[in-house]
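Data first, discussion second: the structure below is written as structure tokens.
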Amino acid sequence: MIIDVHYHLVPALGRGTARHMAKYTVEAARRVGLDLDLEQCTQEALETFADPEGEHLLKRMDDAGIDVTVFCMVDNYAIPGSTLEAARVANERAAAVALRHPDRFVALAGVDPRRPEAVDLLRRCLDDFGMKGLKLHPDHGYDPVSPESFALYEIVQERKGVVLIHTGPILPPGRGATYAHPLLLEDLAVDFPDLPVIAAHMGQAWWRDWAGLASVQSTLYGDLAEWQILAKRSFPLFCKDLREIIDRVGIEKVLFGTDGPVLDPVVSSAEYVRIVKSLTERSPHGIKFMPEETAAILGENAVRIFGTFLP
């Protein structure tokens, strides 16, 4: 089974948000030597990223051989006009997509802990809408270990859900990276010992800090979302870093994720799956991956975390 644990479902998309997402695509393309036009990417995002019924995602999964996708919503209370009603509707629409395809999708709620109604909104997402956990973006400017954040973790732990938290510097450069450092997650394993926490991107440039923490915390995991950019730009370095990560923290901590759809125009999900599958055969001299390791990364590890939510 192949499971993508990190995807952003976009039920609706305006031009402003499409342009913002396209900037990520253009910056990622630049890092692999591609020159994409921002306006063209914005238009393509408007046409392909918006996916109110999940049909684009299902096709993408089928093309890549992905069996299950864990998709998440994003809530940023700091954006003008980001009302409680808008956040509720977005989460409810995403949850409905997952409910229509329970054999293919797992939905995580997007709830900004700064929102005064955050606790009630998260309870509604989990209890009424059927979502299975929480996605946080502390890079939006809030502390992932604030009392407000802890109140949300408590709810997710009580319901035996999963938390996915952005970690790592912002792409393209922005503000908020201070709150996205993986070392800030240290207290979660102490205060929430039964809560699986996935550090999205494994801290990116700070992956060694994440690895140091994950090596001693049994409930802290990391996903390979955005690592496909490094894999495409420098496959030998990708292999070297991934081998070191596995040796430091154990194969069971590494999960496959794509951060789609924003990176799909640069490295498709199908290509990324092929890259991971090829590790056993293509890795450079002196670096070796076993077939059971690639199988664990692509899905077996995620089954242990999300197993109760899978068909």
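The values are calculated or read from the model by the stated rules, or taken from the named source; none is laboratory data. Given the structure is predicted, the values throughout are model-derived calculations rather than measurements. Every residue, glycine among them, receives a Cβ derived from its backbone with ideal geometry; neighbour counts consider all protein chains shown.
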Positions within the range 130-170 being in a loop (DSSP other than H, G, I, E, B) and surrounded by fewer than 19 Cβ atoms within 10 Å (Cβ to Cβ), in sequence order: Gly130, Gly141, Asp143, Val145, Ser146, Arg159, Lys160, Pro169, Ile170
Scanning the range 100-112 residue by residue, those among the charged types (D, E, K, R) and either over 20 Å from the mean Cα position of the chain (by Cα) or buried (at least 16 other Cβ atoms within 10 Å of the Cβ) (or both) turn out to be Arg100, Arg104, Asp112
Can you name the condition, by its number, that Gly257 falls short on among (1) part of a helix (DSSP H, G or I); (2) within 30 Å of Pro11 (Cβ to Cβ); (3) of a type outside the set (Lys, Arg)? (1)
Of the criteria (1) over 17 Å from the mean Cα position of the chain (by Cα); (2) farther than 25 Å from Val190 by Cβ, which one Thr258 fails: (1)
Flag if Val26 is within 26 Å of Pro169 (Cβ to Cβ), more than 18 Å from the chain's Cα centre (by Cα), surrounded by fewer than 18 Cβ atoms within 10 Å (Cβ to Cβ) and not acidic (Asp, Glu): no
Single residue of Glu252, Glu226, Glu271, Glu293 found to be charged (D, E, K, R) and surrounded by 22 or more Cβ atoms within 10 Å (Cβ to Cβ): Glu226
Of the residues in the range 276-287 that are in contact (Cβ under 8 Å) with a residue 40 or more places away in the chain and outside any helix (DSSP H, G or I), the one that is surrounded by the most Cβ atoms within 10 Å (Cβ to Cβ) is Ser283
Candidates Ala214, Ala231 - the one that is of a type in the set (Gly, Ala, Ser) and closer than 25 Å to Gly161 by Cα: Ala214
Right, Leu237: in contact with a helix residue (DSSP H, G or I) (Cβ under 8 Å, 6 or more places away or on another chain) and over 30 Å from Arg159 (Cβ atoms) or not? yes
Selection count, the range 1-23, where residues are buried (at least 20 other Cβ atoms within 10 Å of the Cβ), more than 20 Å from Arg274 (Cβ to Cβ) and not hydrophobic (A, V, I, L, M, F, W, C): 1
Residue ID - surrounded by the most Cβ atoms within 10 Å (Cβ to Cβ), chosen from residues in the range 54-99 that are over 18 Å from Ile2 (Cα atoms) and charged (D, E, K, R): Asp75
Which residue out of Val163, Val190 is on the phi < 0 side of the Ramachandran plot and over 17 Å from the mean Cα position of the chain (by Cα)? Val190
Quick one: which of Ala205, Ala270 is out of contact with any Phe, Trp or Tyr (no Cβ under 6 Å at 6 or more places or on another chain), under 30 Å from Glu44 (Cα atoms), modelled with pLDDT under 95 and part of a helix (DSSP H, G or I)? Ala205
